[in-house]
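The values are calculated or read from the model by the stated rules, or taken from the named source; none is laboratory data. What you see is a predicted model, and the numbers here were worked out from it, not measured in a lab. Cβ: placed from backbone, ideal geometry, glycine included. Neighbour counts: every protein chain shown.
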Amino acid sequence: MAALVLSTSAYSVISIGGRSVSSAGVTVASCNLQKFAASSSITSRPGGSTVRVVMLSHVFPTCQWSSATRYQFLTAQSQPIGNAVVYPSAQRTNVNVTFQVVQNISTTEGVLCTSKVARYLAVIGPRSRRVVRLASTIGVCVGGTTKWTTVDSLSFPVADKCASKLLRLGIGQPEGAAGTIYYPLVFTNIGSVACTISGIPRVQPSTGTSSNTTHVPVGPKAALRDFSASGYGQEIRLAPRAQASAAYGVAQSANYPKSRCGPANFTGVTVQVAGIGQWWTPLKSSTCTKVVSTFVSGVVPTTTGAPPL
């Protein structure tokens with residue numbers, strides 16, 4: 001299992017299975033369309049059809065959707081129909097992790113032109129492509145060019161923020177490294193619709209036996225550390241039952257002189273996510289009361305607290 005290693009250098013570094021990455025100075029890469037899930041729906045209209053393509057990103061932490069992305073209808077034998085068309089935009093857009101890209105493409109048929117039957121749509125980026133099976137076959141008017149096919153709109157829909165009652169907080173499998181134990185704070189969407197979570201949780205060690213009892217703080221709140229390569233918790237879209245997590249690090253009290261640390265036990269943590277809500281969950285460990293000895297990172301779309309490989 002991957003171990004989390006916090007660096008004390010000026011850059012935030014995490015080691016995952018021997019691979020180290022830094023969140024400082026990361027260049028946003030072009031979207032790899034092969035890593036997108038895709039679906040389509042078709043709406044008939046007078047004189048043609050409109051294809052709505054929905055692509056769901058699985059790239060982390062983000063990728064750049066190219067303005068030069070093209071769209072090519074294909075036959076059932078994957079043969080191109082006419083020429084590829086492109087959305088007329090000079091803008092490149094960053095796609096947040098697990099967010100949707102929605103593209104509407106209109107075709108014309110039933111006029112004086114050459115018509116062919118399309119079964120697929122190829123989405124073609126600068127370095128990758130994704131072939132989407134259409135919800136049904138449609139007629140595409142060619143006429144020597146694809147001037148009767150137009151790319152209508154491009155959007156990046158964002159779900160609403162998760163409501164606290166629709167998120168369940170739990171503790172994942174802990175990992176130890178360099179005198180620190182890392183506990184994944186795992187958030188699960190228990191609602192029926194997608195929602196978003198982002199940022200670095202605020203975590204306070206405390207005493208108590210259940211979420212209904214009074215919790216007394218033990219020591220300082222966890223320091224906010226960007227050691228997850230997540231860009232301080234980029235916004236993540238959680239489908240129903242999907243999960244995200246943040247790494248909560250507890251340095252062993254023995255790492256500090258006893259007089260400087262003032263060690264004390266805690267039985268749980270209060271976790272707050274800005275703009276969403278607050279939870280308490282059981283977690284037994286020890287922390288310093290005189291100095292900060294716990295740390296927490298931004299949310300990532302895994303259950304380990306570490307970003308996906």
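Observations, loosely collected:
- Residue list for the stretch 258-307, filter: basic (Lys, Arg) and not in a loop (DSSP other than H, G, I, E, B): 258, 260, 284
- Leading residue by the ranking (modelled with the lowest pLDDT) among those in the stretch 282-296 that are of a type in the set (A, V, I, L, M) and closer than 13 Å to residue 269 by Cβ: 296
- Taking the listed residues 249, 262, the one that is crowded, with 23+ Cβ neighbours inside 10 Å, farther than 22 Å from residue 161 by Cβ and touching a residue at least 12 places away in the same chain (Cβ under 8 Å) is 249, with no other qualifying.
- Filtered residue count, the stretch 170-193, keeping only those that are over 11 Å from residue 247 (Cα atoms) and surrounded by fewer than 20 Cβ atoms within 10 Å (Cβ to Cβ): 11
- Among residues of the stretch 196-225 being of a type in the set (A, V, I, L, M) and farther than 27 Å from residue 159 by Cβ, the one that is surrounded by the most Cβ atoms within 10 Å (Cβ to Cβ) is 222.
- Residues of the stretch 165-198 classified as on the phi > 0 side of the Ramachandran plot and aromatic (Phe, Trp, Tyr), total: 0
- Identity of the residue in the stretch 155-169, in a strand (DSSP E or B) and modelled with pLDDT under 95, that ends up surrounded by the fewest Cβ atoms within 10 Å (Cβ to Cβ): 155
- Any hit, the stretch 221-236, residues being in contact (Cβ under 8 Å) with a residue 24 or more places away in the chain, more than 20 Å from residue 269 (Cβ to Cβ) and in a strand (DSSP E or B): yes
- Among the residues of the stretch 100-116, those identified as hydrophobic (A, V, I, L, M, F, W, C) and surrounded by 14 or more Cβ atoms within 10 Å (Cβ to Cβ) are 101, 105, 113.
- Among the conditions (1) in a strand (DSSP E or B); (2) in contact with a Pro (Cβ under 6 Å, 6 or more places away or on another chain), the only one that residue 205 does not satisfy is (2).
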